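J.: Let me give you the structure first, and then I'll get to my questions.
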Amino acid sequence: MYVRRIEKLLCAYSPVPLCIISPQGKVSMVSPKIDEVFIYDGIEGADVYALIGLKYTEILEAAREQKTLTISRNQKIFKMMTSFIGEGELASIAVYFVDFTKYETLKQMHNQERVCMAMVNVDNFDELVANNSEEAKMTLSVQIDKLIRAWAAKNNACILQYKEHLYLMVFENKYYEKQAELKFPVLDEIRELETESDFPVTLSIGVGVGGKNPAEIEEYAADALDIALGRGGDQAVVKTINKIEYYGGKLQTVEKSNKGKSRVIAHALRQLIKQSSKVLIMGHRNPDMDCFGAAIGIYRLAASIEKKAHIIINGYNEALTAIYQAARETEDYSFINSEKAIAMRDDDTLVVVLDTHRVGLVECPELLDSEKIVVIDHHRKAEESITNMVLSYMEPYASSTSELVTEIIQYSGQKKMLSKMDAEALLAGITVDTNRFAVKTGVRTFEAASWLRRSGADTAAVKKYFQSDLESFKIRAKCIANAQFLDDGIAMSICQGKNPNAQIVNSQVADELLTVQGIRATFVVGQNEHGKTVVSARSLGEVNVQVIMEKLGGGGHLNTAGAQVEMTPEETLEQLKVILEEFL
């Protein structure tokens, strides 16, 4: 009786719309002002879910945790504040509706009018200039400038060109939201320009959103552009306070014909090695041929400068057994584990990270707090990258890290540096990452391979390193036989059981399925010995498997990518099918 009286008093004198909800989830009483929220009659006795659109349990939880809920009615926005009347299971809930429409409108206007910045880079501008006649060069420059400025005008942006290939745009957040919704159509429009080159014009766009001030927004935009360029260009990257989003990235990275950067990196790396007490070389966990070959190449470079070097390997899979044992038998290399590397590291040690730039993938993460770190990698740049580098050589156009290391050795100034084992390890690294020179292979790849051949690499010996055992061969054959062939040229398969060489087997099956006529992309999943599902994705270039694998927390290249997930192989394939609907 006492509770009922309180409910009546609250409804009679409440300055804002109010309704009382019974423990049964029904509206037992309302205030006269409730018609500001609900314009229809018969509210008393109605089910709360039918009236508000929220379940009674949600309102009960909000009351217990003193949370505020929000609803929209009559073109107004109301904050719902709740409190209990009475105690225990028989307590009713008072729901107050506070009109926040003006505040929300002001907030929305503020968000829409917030400043965003974009840095727009014309990819491979030097290559475009070099591959076009004088007349075409002038015409193309004007067309590029006109298209970018027209795009800026559509977004009411202020635009400044401060380099021949680089623009800065300032615009409002509402225009960014529209561009994100359309997935930055300027990326497609710029590719339509006609050139005399054998590759199209592409843009890299870095957008900064949501910074505290213009300086922070500019920093976000610069970081985003750096990521876009590190991932190979032809894409827009948006950096906000707490996330990074990617758009585009449809084309293969264009190979750079100018080897000037390789010469500069080679000279800088030699100087760093000379100035260090020792060199610790590591790649990613469970190294592959490319990672191992690049490590052998850097080891030889350090040895030629008479510096002690050590290659960190904690474990390796079956695919690396033959070449690793061959290298150990020469007794020409120093292989150590992480524990020993940490013990021997000092303030003057140079740490060289190969074939990865992601903090979570390196063989020995404890070494990443070193003062001198060099990163050499050919993968597209990811968010969780190593930041405290003194030297970085990340070129996503390259076929492999072994190719990059081979060029560094070529320009290091040392004559006849490589042994037969060195050359074969580097050639094996290039071979595995190009699928025997079938994918992601440019002129510089063949030049590097040719130089390694002249340095003593035996192609027959390299081929032996790729031989697999009979059991792995049977697993691959069964996986290929059980493949699913979907619409749009997609092939998928599951390698059954737990396999310590799942990553290698999956990638080999994915490569093999790609040889089937009409297949554009392949996805093969299987579990490793730890029960984690490993995914290998391959394509002929029409489907960007890198962005698809990023949806699963992985990455890679446009036509070669992978991921590791906690789902079962069957669940992973179903998730892939959902993701593919967005991209095909």
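J.: Count the DSSP beta bridges whose two residues both fall in the chain, then state the antiparallel fraction as a percent rounded to the nearest 5.
T.: For the chain, the DSSP antiparallel bridge percentage is about 65.
J.: Take ILE504, ILE336 and order them by how many other Cβ atoms sit within 10 Å, fewest up front.
T.: ILE336, ILE504
J.: Next question. Grab the Cα-Cα distance for GLU219 and LYS163, subtract it from 0.36 nm times how many residues apart they are, and report the gain in nm with one decimal.
T.: Between GLU219 and LYS163, full extension yields 18.4 nm more.
J.: While we're looking at this one, here's another question. Spin-label point model (7 Å from Cα, Cβ direction): what's the LYS212 to SER468 distance in nm?
T.: Each label point is offset 7 Å from its Cα along the Cβ direction, giving 5.3 nm.
J.: In addition: Between GLU447 and MET138, what is 0.36 nm times their sequence separation minus the Cα-Cα distance? Round to one decimal in nm.
T.: 108.0 nm
J.: So, in Å, what gap is there between the alpha-carbon centers of the range 447-486 and the range 516-581?
T.: Cα centres, the range 447-486 to the range 516-581: 21 Å.
J.: Aspartates and glutamates near LYS76 by alpha-carbon distance under 17 Å, same-chain residues fewer than 8 away left out - which ones?
T.: Candidates past the 8-residue exclusion: ASP35, GLU36, ASP99, GLU104.
J.: Another one. Say R0 is 60 Å: what FRET efficiency, to the nearest 0.05, do ALA268 and ARG4 get from their beta-carbon distance?
T.: In this case the efficiency is close to 0.15.
J.: Turning to a different aspect of this structure: Assigning unit charges at the beta carbon (Lys, Arg +1; Asp, Glu -1) and nothing else, what dipole magnitude in debye, to the nearest 20, does the chain show about its Cα centre?
T.: Charge dipole of the chain: 520 debye, to the nearest 20.
J.: Also, I was wondering about something else. In degrees between 0 and 90, to the nearest 10, how far off the longest principal axis of the chain does helix 56-65 point, with axes built from Cα atoms?
T.: It is inclined by approximately 80 degrees.
J.: Calculate for the chain the 222 nm mean residue ellipticity that helices alone would give, adding -39,500 (n - 2.57) per DSSP H run of length 4 or more and normalising by residue count, nearest 500 deg cm²/dmol.
T.: One gets -12500 deg cm²/dmol as the mean residue ellipticity at 222 nm.
J.: Further question on the same structure: Quick check: net charge around GLU245, other residues with Cβ under 11 Å of its Cβ, Lys/Arg +1 and Asp/Glu -1?
T.: Around GLU245, the surrounding residues sum to +1.
J.: Under the classification rounded if a/c is under 1.5, otherwise prolate if a/b is larger than b/c and oblate if not, where does the range 260-464 fall, given a ≥ b ≥ c as square roots of the Cα gyration tensor eigenvalues?
T.: rounded
J.: Okay, next question. Between rounded, prolate and oblate, where does the range 470-583 land on the alpha carbon gyration tensor, with a ≥ b ≥ c its root eigenvalues, rounded for a/c under 1.5, else prolate if a/b exceeds b/c?
T.: oblate
J.: Can I ask one more? As an exercise, use a Förster radius of 51 Å and the Cβ-Cβ distance of GLU36 and ASP487 to find the FRET efficiency, rounded to the nearest 0.05.
T.: Once the sixth-power term is evaluated, E becomes 0.45.
J.: Where does each of ARG444, ARG231 land when they are ranked from fewest to most other beta-carbon atoms within 10 angstrom?
T.: Neighbour counts put them in this order, fewest first: ARG444, ARG231.
J.: Among DSSP beta bridges lying fully in the range 470-583, give the percent that are antiparallel, nearest 5.
T.: Roughly 70 percent of the beta bridges in the range 470-583 run antiparallel, per DSSP.
J.: Could I ask something else about it? Would you please name the GluC sites (Glu not before Pro) within the range 481-571 that are DSSP coil residues with at most 11 other C-beta atoms within 10 Å of their C-beta?
T.: GLU529, GLU566
J.: Contour minus end-to-end for TYR49 and ALA180, with contour as 0.36 nm per residue of separation and end-to-end as the Cα-Cα distance?
T.: Contour length minus the Cα-Cα distance gives 43.7 nm.
J.: Continuing with this model, one more query. Between their Cα atoms, which of LYS67/LYS183; LYS107/LYS178; LYS239/LYS532; LYS183/LYS243; LYS278/LYS532; LYS26/LYS79 are more than 25 Å away from each other?
T.: Cα-Cα > 25 Å for LYS67/LYS183; LYS239/LYS532; LYS278/LYS532; rest within.
J.: In debye, nearest 20: dipole of the range 470-583 around its Cα centre with unit charges on the Cβ of K, R (+) and D, E (-)?
T.: The dipole magnitude comes to about 360 debye.
J.: While we're here: Express in whole angstrom the spacing between the alpha-carbon centres of the range 131-185 and the range 44-117.
T.: Cα centroid to Cα centroid, the span is 44 Å.
J.: Can I ask one more? Which of ILE376, ILE43, ILE548 has the fewest other C-beta atoms within 10 Å, and how do the rest follow up to the most?
T.: ILE43, ILE548, ILE376
J.: Specify whether the C-alpha gyration tensor of the chain places it in the rounded, prolate or oblate class, a ≥ b ≥ c being the square roots of the eigenvalues: rounded for a/c under 1.5, otherwise prolate if a/b is larger than b/c and oblate if not.
T.: Because a/c hits 1.5 or more and a/b exceeds b/c, the chain counts as prolate.
J.: Please name which of VAL516, SER539, SER472 has its Cα lying farthest along the dipole of the range 470-583 towards the positive end, using unit charges on Cβ (Lys, Arg +1; Asp, Glu -1) and the Cα centre as origin.
T.: Positive-end residue among those listed: SER472.
J.: As I understand it, the value is the acute angle between the Cα axis of helix 443-454 and the longest principal axis of the Cα atoms of the chain; what does it come to in degrees, rounded to 10?
T.: Between helix and principal axis, roughly 40 degrees.
J.: Here's another thing I want to ask about it. To the nearest 10 degrees, how steep is helix 318-329 against the longest Cα principal axis of the chain, on a 0 to 90 scale?
T.: 40
J.: Quick one: if you stick a label point 7 Å off each Cα along the C-beta vector at LYS577 and SER277, how many nm between them?
T.: Taking the simple label geometry, LYS577 and SER277 are separated by 5.9 nm.
Every number here is computed from the coordinates shown, using simple stated rules; none is lab data. The model shown is predicted, which means the values in this text are computed figures rather than measured ones. A quick note on method: Cβ atoms are made from the backbone with ideal geometry, for glycine too, and the neighbour counts reach across all protein chains shown.
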